[in-house]
Amino acid sequence: MPTLPGLRSGFAWWLPPLTALLGAAIAVLLSQSTAAAWSADVHLWARDGRSPQEYAQLVLDRSVQEAATHGMMASESGQPQLDGVEVELTDTLIRVTVRASGESDAEALALSLANAAVDEAHFRYGNDAGLDLLGLVRPGARKVAPATEWSAAWASAVGLLVGLALAAASARVVRRPPSSLGRLGRLGLRPIAVITDEAERAAEAGVFQTSGAAVSGTTERGHMLDDAVQIANAMNPVSGIVAFTPLDADSGTTGALMQSARTLAARGNPVIWLDGRHPAFELAYSSPPGWLLGAHWSPVSRSELILRTAAGALRPNGYVLLPTDPLSDQTARDIARSAVGVILLARADASDEALVQARETLRTARLLGIVLVHAPEPDRREFELAYTTE
């Protein structure tokens, strides 16, 4: 027995057509038990300066409706009765829709109600009343219930969907591990590279191959995407100080980031690599040294010292790539908020809570995207499929 893709044996293929047929049968039975209903439309014209809404209220007035029905002749089935009245306004045009249980009753009641409204307008406002009957919108009434064909079609479609859902739920589904890329998208984060441990070791060893096509701004698909090119492409819209900020101490990566610096340089951009991680830029004095006693002391924060150094090294249309300590460090947060762009580094197994907190922390920074590190190979293959065009 053939099975649907992604499902093993046990898929109840007969269930969807059965539920579709059952839904259609139930809809037909319910429709046949519904009382017949017909509707007819007439147009009234408010030709004077009086508000059309004011004339529309005459149509909806209970006494006017009773006068319209009492003035009609009774048939074998009894006195015609209004089952419903609707009014639609288009500028000075008033469209009145009357619903009744019989075809001839609906059309006759529509005309009778319109005439009753015109008479009531003249009674209330005198000869100055400007409400005229233009006539039926279309000759003959239309049947509005029971809508057996439409009901059966909709019920059949719903029954088919319900049957598919029940059959899929009863089948033994081959479960795939949750997608890290899909999870990032739901959290509002943009993945720009997925780095496996093997790819990081290769990058640190300097064995990445950057093709000529990749240097010009596109990526070439081979055994794996060039992580460095992906990261460099994410930095293309900006120039200046770009911070590489790890989510935590286990999210650091150096090889792919260094390769991205080389990729930018190969494109002709001035690039400076400035490592802002501890123990770099440790302040020698946290308080005034003894030989400055009595003199003015103006302490400089570590983040300010790093940013001053980065600004001094920056060249026109160039980059200062600045790896920082984890996001929990105050210096890292200060640098992220002052940089022209931030690339967040996070483990592929980082929790949703940690990622949401990071996004909130960086809400005032320009977050260029997120690089997944220590990623499993399935995440890497999914990234290749999502970001590579054939």
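The values are calculated or read from the model by the stated rules, or taken from the named source; none is laboratory data. Every value quoted in this text rests on a predicted model; they were computed, and no experiment measured them. All Cβ positions, even for glycine, are placed from backbone atoms using ideal geometry, and neighbour counts span all protein chains on display. The accessibility values were calculated without ligands, DNA or RNA, using every heavy atom of the protein model including side chains. Shrake-Rupley method; radii C 1.70, N 1.55, O 1.52, S 1.80 Å.
Quick look at the values:
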| read-out | value |
| --- | --- |
| Qualifying residue in the range 239-253 (condition: open to solvent by 50 Å² or more (accessible area, probe 1.4 Å), assigned to a loop (DSSP other than H, G, I, E, B) and within 15 Å of I343 (Cα to Cα)) | yes |
| Sole residue being of a type in the set (V, I, T) and more than 24 Å from H278 (Cβ to Cβ), chosen from V340, V356 | V356 |
| Residues that are under 21 Å from E54 (Cα atoms) and crowded, with 20+ Cβ neighbours inside 10 Å, drawn from the range 110-141 | A110, S112, L113, A114, A116, A117, E120, A121, A129, L131 |
| Residue tally, condition out of contact with any Gly (no Cβ under 6 Å at 6 or more places or on another chain) and either of a type in the set (K, R) or exposed (fewer than 15 other Cβ atoms within 10 Å of the Cβ) (or both), over the range 90-109 | 5 |
| Pair list, Cβ under 9 Å, 6 or more apart: the range 157-169 residue in contact (Cβ under 8 Å) with a residue 60 or more places away in the chain, other residue part of a helix (DSSP H, G or I) and open to solvent by 80 Å² or more (accessible area, probe 1.4 Å) | G159/L18; G159/L21; G159/L22; G159/I26; G163/L18; G163/L22 |
| Residue match in the range 184-192 (condition: open to solvent by 50 Å² or more (accessible area, probe 1.4 Å), at pLDDT 80 or above and in a loop (DSSP other than H, G, I, E, B)) | yes |
| Test: residue in the range 276-286 that is hydroxyl-bearing (S, T, Y), at pLDDT 90 or above and either more than 27 Å from V229 (Cβ to Cβ) or crowded, with 18+ Cβ neighbours inside 10 Å (or both) | no |
| Number of the condition not met by V342 [criteria: (1) modelled with pLDDT under 95; (2) touching a strand residue (DSSP E or B) at 6+ places or on another chain (Cβ under 7 Å); (3) not acidic (D, E)] | (1) |
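A quick yes/no check of all residues on (1) modelled with pLDDT of 70 or more; (2) more than 30 Å from R381 (Cβ to Cβ); (3) in contact with a Cys (Cβ under 6 Å, 6 or more places away or on another chain):
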position: A145; (1), (2), (3): no, yes, no
position: A153; (1), (2), (3): yes, yes, no
position: V173; (1), (2), (3): no, no, no
position: V194; (1), (2), (3): yes, no, no
position: R201; (1), (2), (3): yes, no, no
